[in-house]
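Working notes for the structure below.
The values are calculated or read from the model by the stated rules, or taken from the named source; none is laboratory data. Treat the numbers as computed from the prediction; the structure is a model and nothing was measured. Backbone-built Cβ (ideal geometry, glycine too); neighbour counts: all protein chains shown.
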Amino acid sequence: MDTLTAFSLDMRTLNFVMILFSVIYCIGLLLFATTQEKTKGIRLFALALLAMGAGPLLISLRGVAPDWVSIVTANTLIAVSFHMILHGMCQFRGVQAQFAHSFSWVVPLVLVLNLYFTYEANSINQRILVSALSIAVVTLATSFVVIVGKHRDYQPAVFTMAATFGFYGLFMLFRAAYTWDSAEIFQFMDADLVHKLTFLFSIFLTVASSFSMLWLINARQMDDIYALSYFDSLTNLRNRRALDSYTLALAEGGGKPKQSIIMLDIDRFKLINDRYGHVIGDKVIKAVASQIKGTSNAPKAIYRFGGDEFIIVLNNQTIDFALFLAESMRKRVAEHVRVDGMPVKVSCSFGVAESLCDESWDALVARADEALYRAKQEGRNCVQMASEQAQLIVNA
């Protein structure tokens, strides 16, 4: 028995399943979108699935509804649905809408050609050719959008979604080439396996793209949870929990790289809070954080230690580099921190320490804190280096 004959697919059943899946996934995504107000593109994508299912529904009415409904409107609606997906993906992945607008010519072209190949030169093959090529263009463009999107999404999910649209677009190109060399079809619902596979792959597209979108959204939520847990919301610096996690990982790893740390706090911060209020105080903290981050050679490992205190961790750096960096930060804060044009003079005091042989993290922090205290005693707005004598006091 011929392989294609043995592998039998009922197009009417596939058509019904596709319509059912489109409606179910549309409703599910629309309900899910109510909890994702900040995520753009979900609703448009969901409505596109509904339109994608509505097209085959109208096609199934062939012989019952007039041709302008079951052929022209149905094929145009399918083209609209894929264009909606392209728009939705542009929103979801952070690509400018102009890219999707550049494919707006596809829908009116599909409409005009379907009118022509229905009423002037009636041909199912030509209508399939128009539909396949138009869908191929738009789905391959959608795959491109998914790949180049600006959002830093989870890459396996991005690849899955891009591959889904890319595969579907390539299949549509194959379908167009196959139709070009095929005999004229006189009853679409009785067409051969390739056209039946179109419905099967459309179901696959609906399921796989919806799954990929949910996967991407879930990954974004996990990133948000991580950011809330390990980053300070006011300064966008890593927080105390992130520092504790870092030191724990360092201890469990067994390796103890040579470290220098810088501790600093804002001079007379309580006075700033009392005189100008906590709103201005928060702005001062934010401005100081911005300046220390913007200092040349500043590392990423800058933590808000608590209140107006910050700590900078320098791995495999000498005390000399730490002193140089601390002085650069001190000058930058003193010269550039301004808050709403108010005459708030802001300065910081710094304590610097370099790890000693077999010294614990807590002991290193204690010596840096001692150096910071001496900086306060020396008149503030200066940098002090911890002494090895402080380590002896800690261990005593």
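Filtering the stretch 236-247 down to residues that are more than 30 Å from Met89 (Cβ to Cβ) and within 21 Å of the chain's Cα centre (by Cα), which residue is surrounded by the fewest Cβ atoms within 10 Å (Cβ to Cβ)? Write out each step before concluding.
So in the stretch 236-247, the residues more than 30 Å from Met89 (Cβ to Cβ) come out as 237-247.
In the following step, the residues that additionally are within 21 Å of the chain's Cα centre (by Cα) were identified as 237-238.
Numbers: Leu237: 23, Arg238: 20.
My answer is Arg238.
Report whether or not Ser233 is out of contact with any Lys or Arg (no Cβ under 6 Å at 6 or more places or on another chain) and either under 30 Å from Val17 (Cβ atoms) or of a type in the set (Phe, Trp, Tyr) (or both). Criteria not met by Ser233.
Among residues of the stretch 206-220 being of a type in the set (Gly, Ala, Ser) and closer than 21 Å to Ala54 by Cα, the one that is farthest from the chain's Cα centre (by Cα) is Ala208. Of the residues in the stretch 35-47, at least one is buried (at least 20 other Cβ atoms within 10 Å of the Cβ) and free of Cβ contacts under 8 Å to residues at least 24 places away in the same chain.
Between Thr247, Thr235, the distinction of being among the polar types (S, T, N, Q) and part of a helix (DSSP H, G or I) belongs to Thr247 only.
Taking the stretch 266-278 on its own, how many of its residues are in a helix (DSSP H, G or I) and more than 19 Å from Ala375 (Cβ to Cβ)?
Step one: of the stretch 266-278, the residues in a helix (DSSP H, G or I) are 269-276, 278.
Among the residues that remain, those that are also more than 19 Å from Ala375 (Cβ to Cβ) are: 273-276, 278.
Count: 5.
Taken over the stretch 60-95, the criterion of being surrounded by 23 or more Cβ atoms within 10 Å (Cβ to Cβ) and touching a residue at least 60 places away in the same chain (Cβ under 8 Å) is satisfied by Phe82, Ile85, Met89, Phe92.
Might you let me know whether the stretch 86-99 holds any residue that is in a helix (DSSP H, G or I) and either more than 18 Å from Arg43 (Cβ to Cβ) or not assigned by TED's automatic domain parsing to the domain that holds Ile217 (or both)?
Within the stretch 86-99, the first condition is being in a helix (DSSP H, G or I), and the residues that meet it are 86-93, 97-99.
Keeping just the survivors that are either more than 18 Å from Arg43 (Cβ to Cβ) or not assigned by TED's automatic domain parsing to the domain that holds Ile217 (or both) gives 98-99.
Yes, some residue in the stretch 86-99 is in a helix (DSSP H, G or I) and either more than 18 Å from Arg43 (Cβ to Cβ) or not assigned by TED's automatic domain parsing to the domain that holds Ile217 (or both).
Scanning the stretch 208-246 for residues that are β-branched (Val, Ile, Thr) and in contact with a strand residue (DSSP E or B) (Cβ under 9 Å, 6 or more places away or on another chain) yields one hit, Thr235. Filtering Asp224, Asp181 for residues that are under 25 Å from Leu133 (Cβ atoms) and modelled with pLDDT under 90 leaves a single hit, Asp181. Val145 meets all of the listed conditions (1) crowded, with 18+ Cβ neighbours inside 10 Å; (2) of a type in the set (Val, Ile, Thr); (3) free of Cβ contacts under 8 Å to residues at least 24 places away in the same chain; (4) within 24 Å of Glu37 (Cα to Cα) but one, namely (3).
Is there a residue in the stretch 169-182 that is without any contact (Cβ under 8 Å) to a residue 40 or more places away in the chain, exposed (fewer than 14 other Cβ atoms within 10 Å of the Cβ) and not in a helix (DSSP H, G or I)? Yes, the stretch 169-182 has at least one match.
When only residues in the stretch 152-166 that are of a type in the set (Phe, Trp, Tyr) and in contact (Cβ under 8 Å) with a residue 12 or more places away in the chain count, which is surrounded by the most Cβ atoms within 10 Å (Cβ to Cβ)? Even if it seems obvious, please write down each step before you answer.
Filtering the stretch 152-166 down to residues of a type in the set (Phe, Trp, Tyr) leaves 154, 159, 165.
Now drop any that are not in contact (Cβ under 8 Å) with a residue 12 or more places away in the chain, which leaves 154, 165.
On the way: Tyr154: 16, Phe165: 27.
Checking each candidate, the answer is Phe165.
Would you check if there is a residue in the stretch 42-61 being modelled with pLDDT of 90 or more, touching a Phe, Trp or Tyr at 6+ places or on another chain (Cβ under 6 Å), assigned to a helix (DSSP H, G or I) and within 22 Å of Ser134 (Cβ to Cβ)? Yes, that holds for at least one residue.
Return yes or no: is Thr118 within 30 Å of the chain's Cα centre (by Cα), among the β-branched types (Val, Ile, Thr) and surrounded by fewer than 20 Cβ atoms within 10 Å (Cβ to Cβ)? It is false that Thr118 is within 30 Å of the chain's Cα centre (by Cα), among the β-branched types (Val, Ile, Thr) and surrounded by fewer than 20 Cβ atoms within 10 Å (Cβ to Cβ). Every residue in the stretch 131-140 that is buried (at least 23 other Cβ atoms within 10 Å of the Cβ) and under 22 Å from the mean Cα position of the chain (by Cα), please. Thr139 - this is the single residue of the stretch 131-140 that is buried (at least 23 other Cβ atoms within 10 Å of the Cβ) and under 22 Å from the mean Cα position of the chain (by Cα).
Test Gly294 against the stated conditions and say whether it is within 29 Å of Ser229 (Cα to Cα) and either touching a helix residue (DSSP H, G or I) at 6+ places or on another chain (Cβ under 8 Å) or not aliphatic (A, V, I, L, M) (or both). Answer is yes for this residue.
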